[in-house]
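The values are calculated or read from the model by the stated rules, or taken from the named source; none is laboratory data. This is a predicted model, so every value here is computed, not measured. As a convention, Cβ positions derive from the backbone with ideal geometry for all residues, glycine included, and neighbour counts pool all protein chains shown.
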Amino acid sequence: MRDLLLYLHIIAGLSVITFSIVILLQDKKSNWLKPLSAITAAISWLLLLPSGKLYLTFYPATKTLIKAGSWPWAHSIFMETKEHWGLLLPIIATTAAFLVYSDRFKESRKWWILLMILAALIGVMGRIVTMGGMAQ
Amino acid sequence: MKKFNPYNGTFAASTLLAALVIAAELYAPFKTFLASVFTHHWIAKAVLVAAAFIIVGFACKKDELFGVKNEKISWYSILGSLAIIFLFYIIEFFI
């Protein structure tokens, strides 16, 4: 169960990054633009489910391990930041998708870029947290 | 799409999140209260932030907030919120 949720949230996060890049490469007249924007926004909301389940059910044991190890800041700074930054991913994605649906593609570009960068940073922070669990 | 203003919703959601993070960390009874109502403080923040985004997005349709274009204010509020949350946890760890 834990591994399934772990891979699901990684795949969803990577999809958000990949789809944002694909959207940014589209022409504003592309037929793919609106459906792809809606799908990306939907994934960013659904991403909260496996992430939340992992954080609430499986992370507490890892947290104890990290805080007792030599990298306690991996939890105190990076996990705490990551878990809250993640709540803004669907907000950013929905705003970007709404701008696309309102035919303001040019205006949406910086929101897709922010979404892509933020999702990537959250992924890097996740890696730091994992390394924190192994640092004894 | 004209009925929903994502910029105003984004401004409300990002500002609320930064405020909730700081308030819950600095005042433990508030964090306990959030957890008691929503089973966990993270779920409380997720529900309240999503609600703020939707409610303010539908209720406030102005193109300007505090005399500033809402496009600009929502952009800087989300960047500010991200920076404040990160800096807050760095400061909290070292102090």
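So which residues in the range B:66-95 are under 25 Å from residue B:26 (Cβ atoms) and surrounded by fewer than 19 Cβ atoms within 10 Å (Cβ to Cβ), if there are any at all?
B:76, B:79, B:80, B:83, B:84, B:87, B:90, B:91, B:92, B:93, B:94, B:95 - these are the residues of the range B:66-95 that are under 25 Å from residue B:26 (Cβ atoms) and surrounded by fewer than 19 Cβ atoms within 10 Å (Cβ to Cβ).
Which number in (1) closer than 20 Å to residue A:117 by Cα; (2) touching a Cys at 6+ places or on another chain (Cβ under 8 Å) marks the one condition that residue B:77 misses?
(2)
Yes/no per residue for (1) modelled with pLDDT of 95 or more; (2) part of a helix (DSSP H, G or I); (3) within 11 Å of chain A (Cβ to nearest Cβ):
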position: B:53; (1), (2), (3): yes, yes, yes
position: B:62; (1), (2), (3): no, no, no
position: B:71; (1), (2), (3): no, yes, yes
position: B:90; (1), (2), (3): yes, yes, yes
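Could we say that residue B:75 is facing chain A (nearest Cβ under 9 Å), more than 24 Å from residue A:102 (Cβ to Cβ) and aromatic (Phe, Trp, Tyr) here?
Taking the combined requirement at face value, the residue does not satisfy it.
Search the range A:35-63 for residues being modelled with pLDDT of 90 or more and polar (S, T, N, Q), and hand back the single one that is farthest from residue A:92 (Cα to Cα).
Looking at residues that are modelled with pLDDT of 90 or more and polar (S, T, N, Q), I get A:57.
Taking only pairs six or more apart or across chains, which ones have beta-carbon atoms under 7 Å, a first residue in the range A:1-21 that is more than 18 Å from residue A:130 (Cα to Cα), and a second residue that is surrounded by 18 or more Cβ atoms within 10 Å (Cβ to Cβ) and of a type in the set (Ser, Thr, Tyr)?
Close Cβ pairs satisfying both conditions: A:16/A:40; A:16/A:44; A:19/A:40; A:20/A:40.
Take residue B:57 and tell me if it is more than 7 Å from every other protein chain (Cβ to nearest Cβ), part of a helix (DSSP H, G or I) and touching a Pro at 6+ places or on another chain (Cβ under 7 Å).
Numbers: more than 7 Å from every other protein chain (Cβ to nearest Cβ): yes; part of a helix (DSSP H, G or I): yes; touching a Pro at 6+ places or on another chain (Cβ under 7 Å): yes.
Yes, satisfied.
Considering the range A:44-79 alone, what residues qualify as being at the interface with another protein chain (Cβ under 7 Å from one of its Cβ atoms) and surrounded by 21 or more Cβ atoms within 10 Å (Cβ to Cβ)?
Of everything in the range A:44-79, those that are at the interface with another protein chain (Cβ under 7 Å from one of its Cβ atoms) and surrounded by 21 or more Cβ atoms within 10 Å (Cβ to Cβ) turn out to be A:55, A:77.
Give the residue that is farthest from residue A:56 (Cα to Cα), with candidates limited to residues of the range B:9-51 that are of a type in the set (S, T, N, Q) and within 10 Å of another protein chain (Cβ to nearest Cβ).
Taking the range B:9-51 and keeping what is of a type in the set (S, T, N, Q), we get B:10, B:14-15, B:32, B:36, B:39.
So of that shortlist, the ones also within 10 Å of another protein chain (Cβ to nearest Cβ) come out as B:10, B:14, B:39.
Values: B:10: 26, B:14: 22, B:39: 10 Å.
The selected residue is B:10.
Just to be sure I understand, how many residues within the range B:28-49 are surrounded by 17 or more Cβ atoms within 10 Å (Cβ to Cβ) and at positive phi?
The number of residues fulfilling the criteria is 0.
Would you confirm, using the coordinates I've provided, whether residue A:91 is at the interface with chain B (Cβ under 9 Å from one of its Cβ atoms), closer than 21 Å to residue A:36 by Cα and at pLDDT 95 or above? Give the steps one after another, and end with the answer.
Numbers: at the interface with chain B (Cβ under 9 Å from one of its Cβ atoms): yes; closer than 21 Å to residue A:36 by Cα: yes; at pLDDT 95 or above: yes.
Yes: the conditions hold for residue A:91.
Looking only at the range B:50-62, count every residue that is of a type in the set (Gly, Ala, Ser), surrounded by 14 or more Cβ atoms within 10 Å (Cβ to Cβ) and closer than 13 Å to residue B:11 by Cβ and tell me the total.
Counting residues in the range B:50-62 that are of a type in the set (Gly, Ala, Ser), surrounded by 14 or more Cβ atoms within 10 Å (Cβ to Cβ) and closer than 13 Å to residue B:11 by Cβ gives 2.
Residues that are in contact with a Pro (Cβ under 7 Å, 6 or more places away or on another chain), within 19 Å of residue A:12 (Cα to Cα) and among the hydroxyl-bearing types (Ser, Thr, Tyr): does the range A:82-95 have at least one?
Going through the range A:82-95, the residues in contact with a Pro (Cβ under 7 Å, 6 or more places away or on another chain) turn out to be A:94-95.
With the extra rule that they be within 19 Å of residue A:12 (Cα to Cα), the set shrinks to A:94-95.
From what's left, among the hydroxyl-bearing types (Ser, Thr, Tyr): A:94-95.
Looking through the range A:82-95, at least one residue is in contact with a Pro (Cβ under 7 Å, 6 or more places away or on another chain), within 19 Å of residue A:12 (Cα to Cα) and among the hydroxyl-bearing types (Ser, Thr, Tyr).
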